[in-house]
Amino acid sequence: MSFDFSEEESVRYSRNLILAEVGWPGQQRFRSGRVAVVGAGGIGSAALFYIAAAGVGHIGIVDGDSVELSNLQRQILHRLDDLGRRKVESARDAIMALNPHCQVKTYDTRLHPANIREVLRGYDIVLDASDNFETRFLVADCCWLEKIPLVSAAVAAFQGLLLVADPGPGNPCYRCLMPKPPPPSRQEGILGAVAGVMGCLQAMEALKLLLGRGSDLVRRILTYDALKSRFHSIKRAQMPNCPLCGENPSVTGLVNSAR
Ligand SMILES: [Zn+2]
């Protein structure tokens with residue numbers, strides 16, 4: 001059974017197909033999967049490359065910035081020739097050059113409460129690879145209220161954090177970990193490889209969710225300390241007084257969360 005994949009696709013995906021955990025049914029799940037990635041920066045570059053290479057059929061890219069020279073140290077979707085171009089266009093071209101079987105939809109915008117539902121509705125999974133807490137909280141709230149599983153990856157200096165917020169009964173949401181955004185802090189440095197590691201891990205969780213295998217990170221967070229070369233996985237649980245998923249939620253609609 002080959003689910004009407006072409007000869008070219010059966011060769012392209014041959015290393016996926018010989019995995020018992022993927023095979024033709026899994027490849028079909030990738031192909032029919034709809035994944036939105038918020039942020040075509042350092043984390044999003046790695047995540048987008050790997051979900052596209054694996055054969056995820058429908059990919060949404062959300063970003064409202066242009067490519068700058070200081071991006072190229074970590075945002076490997078974009079090249080010198082792309083300087084000044086819109087990031088969503090540069091990212092789409094890079095993905096299509098790798099795997100033209102992907103259908104890419106671009107959203108050249110910064111997300112805000114008035115547009116986010118329209119952008120994210122209809123996606124099976126959202127990957128948050130954004131670089132600011134305003135967007136992060138908005139995406140987390142929207143995904144929870146719209147019941148879309150969210151894979152959230154973040155980096156700061158040499159630290160990385162990964163979690164999955166799956167809006168099922170008893171599962172903790174993003175705000176169970178961080179009830180409200182922290183105060184603004186100065187911009188931190190980042191080595192591109194740290195963002196790349198977290199983007200790869202994020203892509204892997206998305207692929208497992210598409211395969212229907214779930215994710216152990218629904219009730220855990222994964223932290224990465226690049227300087228010490230250590231990963232830690234820490235259990236987390238739903239907070240009864242969580243402002244989003246608790247017994248008396250105060251967050252019941254979408255607002256600008258950096259308040
Ligand atoms: Zn919660």
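Just so it is clear, none of the values below were taken in a lab; they were calculated from the coordinates. Because the structure is predicted, anything quoted here is derived from the model rather than measured. With ideal geometry, Cβ positions are generated from the backbone for all residues, glycine too; neighbour counts draw on all protein chains shown.
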What is the gain in length, in nm to one decimal, between Asn248 and Thr223 on full extension, counting 0.36 nm per residue of separation less the C-alpha to C-alpha distance?
6.0 nm
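Kyte-Doolittle mean at least -0.5 and Cα extent at least 18 Å along the axis: which DSSP H helices of the chain qualify?
Values: long enough: 42-54 (19 Å, 1.67); 133-146 (19 Å, 0.54); 192-211 (29 Å, 1.44).
TM-like helix candidates: 42-54, 133-146, 192-211.
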Most to least packed among 96-103, 41-48, 155-162 [average Cβ atoms within 10 Å]:
41-48, 155-162, 96-103
Helix-derived [θ] at 222 nm for the chain: sum -39500 (n - 2.57) over DSSP H runs of at least 4, divide by residue count, nearest 500?
-10000 deg cm²/dmol
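Starting from 0.36 nm per residue, how many nanometres of slack lie between Cys200 and His232 once their C-alpha separation is accounted for?
Working: separation 32, 0.36 × 32 = 11.52 nm, distance 1.65 nm.
Residue separation times 0.36 nm, minus the Cα-Cα distance, leaves 9.9 nm.
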Mind checking which lysines have their C-alpha under 26 Å from Lys208, skipping anything on the same chain fewer than 8 residues away?
Lys105, Lys147, Lys235
Among DSSP beta bridges whose residues both lie in the chain, state the antiparallel percentage, nearest 5.
50
So what is the relative contact order of the range 100-152, in percent, for Cα pairs below 8 Å that sit 6 or more residues apart?
38
Which residues does the label zone of Ala97 cover in the range 34-55, counting backbone N under 19 Å from a point 7 Å along Cα→Cβ?
40-55
The chain: relative contact order as a whole-number percent, Cα under 8 Å and 6+ apart
19
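Based only on other Cβ atoms within 10 Å, what is the fewest-to-most ordering of His232, His78? Kindly include the intermediate steps, with their values, before the conclusion.
Values: His232 10, His78 23.
Listed from fewest to most nearby Cβ atoms, that is His232, His78.
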Loop GluC sites (Glu not before Pro), the range 164-247, which have at most 14 other Cβ atoms in a 10 Å radius of their Cβ (DSSP):
Glu188, Glu247
Would you compute, for the Cα atoms of the range 1-67, the largest minus smallest coordinate along each principal axis and list the three values in descending order, in whole Å?
43, 21, 17
